[in-house]
Every structure is written in structure tokens, then in C-alpha cells.
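Engineer: Pasting a structure below so you can have a look.
The values are calculated or read from the model by the stated rules, or taken from the named source; none is laboratory data. Since the model is a prediction, treat every value here as computed from it, not as a measurement. Glycine also receives a Cβ, built like all others from the backbone with ideal geometry; neighbour counts cover every protein chain displayed.
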């Protein structure tokens, strides 16, 4: 399922590049901080089977690549650069910028995408993919099929923003090719 998600993601990203959204706010400001995390992001993406650019897009959107965290690693919606909420089992023994924290978030995202696929098998693949992104923010139990279909809903603005950022970060060293060339050090 994940290999076909990469092609669905590419299609979604092409469509979103031409959409006019007002939530696309300066992902360029996050590039330097994300590049410091690139090895961890690529490692987590590979282990969890999700696109590394998507993880970079989420990290940028939810924590400003860590710039919006307080001194204890918390932000508005949870813990660490991935903003893992208590409902998803945020493990604070991992540092807020650590490879293990990013891997935990990547695994949660993968599992949510799979849950959407199981819960709504009749919807299109792009809606299942988008549903995983939405579930990461609001929880899979709070999603209904209309949330996955109607792109004008507030929840979809979040998904659209993450996907726009994902498209941007694919061009900034977070594509599959770039991540393949990175050596993952044992941290």
C-alpha cells in the first residue's frame, strides 16, 4: 500500500501546487532547522514507510521545525517537533528533537493511514492518504467520510498546508533520492 501512496502523494502535490491556499506560511523559514534533523527524518521515514518530505512537512507545520516549542519540548498540540499528542501516546523519554521521537511520530502516522484504509476502504487512495494526515491532528475516531472528501472544510486546510509544505521540502533535500544517500548514524 505504501508504494502506491508515493504516487498518490505526487499527484496530490501537483494539484495543490496550483491551488490558491492562504495557509501556506513561510516553510522557507524552517529549512535550516529541518536540515539539521534530516538524517533523523530520513531514518524515521524509511523505518515507518512514509515519505520523508511528508515528515518534514508535518514538522514544519506543527512546530515550525522546533521553533515553536517551549524549553521543555512542548508546543500547542503536544510534545516535540512532531507534536505527538497524549492521545497518541507521546513518549517524553525521547528528546523533543531526537531520532526516536521522530520515529515515534512517523510510526503513528503510518498506523493512522492504515487505520483510515481499514475504516473507510471504499474511499479513494488520495482520501485515505489525506485522512492519515488529518487523523494525526484530530484522531482517527473524529473523522467521518465527509471530512476526507470535502476540501473546503477547516480540517482539510491543515492537510492542504502539510501537503504544500511536503512539496516544498521534496525540493529541499527531503526527497526519496536524497534520503537514500544519507548515512544513518546510531544516535
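Engineer: Out of all the residues in region 75-99, which are assigned to a helix (DSSP H, G or I) and surrounded by fewer than 16 Cβ atoms within 10 Å (Cβ to Cβ)?
Structural biologist: 86, 87
Engineer: What helices (runs of 4 or more DSSP H), lying completely within region 104-180, carry at least 3 residues that are modelled with pLDDT under 80 and surrounded by fewer than 16 Cβ atoms within 10 Å (Cβ to Cβ)?
Structural biologist: 145-149
Engineer: Another question, if that's okay. When you look at residue 54, is it buried (at least 16 other Cβ atoms within 10 Å of the Cβ), within 13 Å of the chain's Cα centre (by Cα) and under 21 Å from residue 178 (Cα atoms), yes or no?
Structural biologist: In short, yes.
Engineer: Going by the structure shown, is residue 39 buried (at least 22 other Cβ atoms within 10 Å of the Cβ) and either within 15 Å of residue 101 (Cα to Cα) or touching a strand residue (DSSP E or B) at 6+ places or on another chain (Cβ under 8 Å) (or both)? If you could, list the steps in order and put the result at the bottom.
Structural biologist: Values: buried (at least 22 other Cβ atoms within 10 Å of the Cβ): no; either within 15 Å of residue 101 (Cα to Cα) or touching a strand residue (DSSP E or B) at 6+ places or on another chain (Cβ under 8 Å) (or both): yes.
No.
Engineer: Return the pair list, or none, for Cβ contacts closer than 8 Å from residues in region 164-185 that are over 20 Å from residue 62 (Cα atoms) to residues that are outside any helix (DSSP H, G or I) and modelled with pLDDT of 90 or more, at least 6 apart or on different chains.
Structural biologist: The qualifying pairs are 176/51.
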